[in-house]
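Notes follow the structure.
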Amino acid sequence: MRLLIRKGHIIDAKTGIDGVYDLLAEDGRIVSISERIDSANCEIIDAEGKFVLPGLVDAHCHLRDPGFEYKEDIESGTRSAAKGGFTSIACMPNTNPVIDNESVVKYILNKAKKEGYVNVYPIGAITKGQNGEELAEIGELKFAGAVAISDDGMPVKNSSLMKKAMQYASMFDIAVISHCEDIDLVEEGVMNEGYTSTIMGLKGIPAAAEETMVARELILSEYLDIPIHIAHVSTALSVELIRNAKKRGVKVTCETCPHYFSLTEEACAGYDTNAKVNPPLRTARDVDAIIEGIADDTIDIIATDHAPHHIDEKRVEFNLAANGMVGFETALPLAVTKLVKPGIITMMKLVEKMSLNPAKLLGISKGTLEPGSSADITILDIDAGFTVVPERFESKSKNSPFGGMDLYGVVWGTIVNGKPVVSETIIL
Amino acid sequence: MILKSKDLLGLKDLTAEEIEYILDTARTMKYVITSNNKRTPHLQGKSIVTLFYENSTRTRLSFELASKYMSASSANIASSVSSVAKGETLIDTGKTIDMMGTDVIVIRHPQSGAPHLLAKHVKASVINAGDGMNEHPTQALLDLFTMREKKGTLKGLKVAILGDIYHSRVARSNTWGLLKMGAEVALAGPATLLPPKIEMAGAKIYSTVHEALIDADVVISLRMQLERQKKALFPSVREYFRFFGLDENRLRLAKKDVLIMHPGPVNRGVELTSSVADNEQSAINEQVTNGVAVRMALLYLLTRRGAHETTD
């Protein structure tokens, strides 16, 4: 099948292309990009006035499959991802069973192949059962298809074990992603520690619970000279610590999520459990620091941390509510509205942080429109606005704190391996 | 005047005028309790349910007597915390009570914000009788009532609150209420037991009881939960008393006519000495009477609010 995308504004961070061109894809591959391509025998998508981007890559999401299919499954999760413009997503291992052995990796890959709307890449666990005790079979995970390892949600508390995990993983050239949280400092905290938590009478999670662990990972990475990736950075000091480490040449990369540059702890007011997330929403000062970190490239990646939860897990007392929010269908519009529209980053930077850099981290040949690469493409109408209505999300879960918010940036089309899955904003 | 909300969830949601209005109403109610015939028809035909997920003797009894003195039908439900985790959700329990024609649900719950969740899902008025570390508004209202009765006004009073401020819903509700009424709030306790950034609300934080006590008009000593010792929040009762306990020596720093208060139950020799607790300036026993008056006032005002709405 020949697919011609006409007159779109093509942005590709790897090749530096930034202009209005035609793009031709054939048999799932990008064939050429040039000013005028003959449309004979082509299916044509008119992208005039829109951006044509390499398909977005999400380095951090939760698909809940296997084990928690009542929250999300591979079919619904990938449909939600496609609707949000993502063509490749990496899912965290906190499933049941945990992705700590090759059979679970294969289950996910098989199911994704059959039912998935986008490419799915499992992230394996660092330790068996995410228990923080023994190493998972990292080599086998890698050869089965895992693209990174992480005990996301369950930080590796034991520093010696973390050191060994990094050393062992480096043999297989697989990224180690650290969820930075000192559980002892968190105690029973349920939101950011500060004035708002005091006003609401809730126990706070100090920023230091994240920062002390970020510092540990940076020190381990520097000491071992082995790369580390810091997940969902949320505080000003974390950004500063990473910025400083990068200056010293530490092989650190990091990500943040749209909610950390869009919302503050005040979103929890009225005990709104949809704003309960880990790490918690922080202060305006932290939001500013995250935005600054994105602007100066301290923060390499914008990931969703898409974390679906059933309404029954959110319609409870704040202390008892599950952590996390769905993110696929709001991530790109939030980045457009909060970062691109105000001129904080260019579209080129956005593509770098939401497509090229996550692909690099995961070691997958995605994130570019370079001829020869797979035809994963996102078509974005940056000037179209919409109001977020979580009830209309493709995801099984609707736990979003962004309901009612007016955002720019509508995903007009998503093409995965040369096949349109979202066309004129409608999922096919 | 009508209270703005159908519920009483916390003092931070009330205006100074509403607080004043509740205290004025409570003054009338106090005549009833101190009279020979403790029966008024104010709540005839109304039903009150107390839903307690935490142990309580005095608050619960206080609500129950308040309902009975005003001729309401009342019922009590006690649920242990463990059954909350496993069993029916709070919303489902609330709806069940609501559907039985209940006018007011009085809830005590170990989770902050639980009354707010309940209030969103029931037609009945919800009164917060203590939620986690958040608020205990009826306790604070009875404290304000006691202070106003003894001192004439709340404006300009210096109120020292001593002890475990961090975990105390009584301290929080009093802080929000007193600041609204123009009083000065001086908080003192071990640094591990102070709520972060509460000074942003206008309260003053002191690291020694001495500073907080200087020229205080009122001192509220909070109950110290002895199990906090296990979480390394303070080393021992002995040391706590040495640095934060209220004895007669320390009391001399306050104004001569200082009012001594405590939400009870008192740990004698931990938060304050017996001689302070039983001092003639102590209002600890009178607080209990005022508690019934304040709760009568609230039940009356909230149920009247409903009647007003339907006849309008």
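The values are calculated or read from the model by the stated rules, or taken from the named source; none is laboratory data. Everything numeric here is computed off the predicted structure, so don't read it as measured data. Glycine gets a Cβ as well: all are built from the backbone with ideal geometry, and neighbour counts include every protein chain shown.
Filtering region A:279-322 to residues that are among the charged types (D, E, K, R) and closer than 28 Å to B:Gln111 by Cα leaves A:Arg282, A:Asp286, A:Asp305, A:Asp312, A:Glu313, A:Lys314, A:Arg315, A:Glu317. Give the residues of region A:411-428 that are at pLDDT 95 or above and not in a strand (DSSP E or B), sorted by residue number. Across region A:411-428, the qualifying residues are A:Asn417, A:Gly418.
One residue is enough: does region A:182-192 have a residue meeting the conditions under 30 Å from A:Ile364 (Cα atoms) and at pLDDT 95 or above? Within region A:182-192, none of the residues are under 30 Å from A:Ile364 (Cα atoms) and at pLDDT 95 or above.
No other residue among A:Gly84, A:Gly28 is not assigned by TED's automatic domain parsing to the domain that holds A:Gly145 and not hydrophobic (A, V, I, L, M, F, W, C) apart from A:Gly28. Specify the residue that is farthest from the other protein chains (Cβ to nearest Cβ); the eligible residues are those in region B:114-123 that are under 20 Å from B:Lys4 (Cβ atoms), surrounded by 24 or more Cβ atoms within 10 Å (Cβ to Cβ) and touching a helix residue (DSSP H, G or I) at 6+ places or on another chain (Cβ under 8 Å). The residue in question is B:Leu118.
When region B:124-141 is examined, which residues are found to be of a type in the set (Gly, Ala, Ser) and either under 12 Å from the mean Cα position of the chain (by Cα) or more than 10 Å from chain A (Cβ to nearest Cβ) (or both)? B:Ala124, B:Ser125, B:Ala129, B:Gly130, B:Ala140 - these are the residues of region B:124-141 that are of a type in the set (Gly, Ala, Ser) and either under 12 Å from the mean Cα position of the chain (by Cα) or more than 10 Å from chain A (Cβ to nearest Cβ) (or both). Screening A:Ile44, A:Ile37 for residues that are in a loop (DSSP other than H, G, I, E, B), of a type in the set (A, V, I, L, M, F, W, C) and more than 26 Å from A:Thr346 (Cα to Cα) leaves exactly one candidate, A:Ile37. When restricted to residues that are touching a Pro at 6+ places or on another chain (Cβ under 9 Å), in a strand (DSSP E or B) and within 20 Å of A:Gly324 (Cβ to Cβ), region A:73-104 contains 2. Scanning region A:196-232 for residues that are away from chain B (no Cβ under 14 Å) and on the phi > 0 side of the Ramachandran plot yields A:Asp225, A:His232. Number of residues in region A:10-34 that are outside any loop (DSSP other than H, G, I, E, B), surrounded by fewer than 19 Cβ atoms within 10 Å (Cβ to Cβ) and under 26 Å from the mean Cα position of the chain (by Cα): the value is 2. Based on what the data block shows, is B:Glu199 within 11 Å of chain A (Cβ to nearest Cβ), acidic (Asp, Glu) and farther than 30 Å from B:Leu90 by Cβ? Yes; evaluated as a whole, the condition is true for this residue. For region A:254-323, the helices (runs of 4 or more DSSP H) that sit wholly inside it and include 1 or more residues that are of a type in the set (D, E, K, R) are A:284-295, A:311-314. Evaluating B:Ala160 against the criteria (1) more than 13 Å from chain A (Cβ to nearest Cβ); (2) surrounded by fewer than 21 Cβ atoms within 10 Å (Cβ to Cβ) leaves one unmet condition, (2).
Only residues that are touching a Ser or Thr at 6+ places or on another chain (Cβ under 7 Å), of a type in the set (Asp, Glu) and outside any helix (DSSP H, G or I) were counted across region A:180-233, and they come to 1.
Of note, B:Ile260 does not satisfy the criterion of being surrounded by 19 or more Cβ atoms within 10 Å (Cβ to Cβ), at pLDDT 95 or above and under 18 Å from B:Tyr166 (Cβ atoms).
Scanning region B:1-13 for residues that are in contact with a strand residue (DSSP E or B) (Cβ under 8 Å, 6 or more places away or on another chain) and either among the aliphatic types (A, V, I, L, M) or within 14 Å of chain A (Cβ to nearest Cβ) (or both) yields B:Asp7, B:Leu8, B:Leu9, B:Gly10, B:Leu11, B:Lys12.
Screening A:Ala375 with (1) closer than 15 Å to A:Asp297 by Cβ; (2) touching a residue at least 40 places away in the same chain (Cβ under 8 Å) gives one miss only, at (1). Residues considered: B:Val237, B:Val218. Of these, the only one that is surrounded by fewer than 21 Cβ atoms within 10 Å (Cβ to Cβ), away from every other protein chain (no Cβ under 14 Å) and among the β-branched types (Val, Ile, Thr) is B:Val237.
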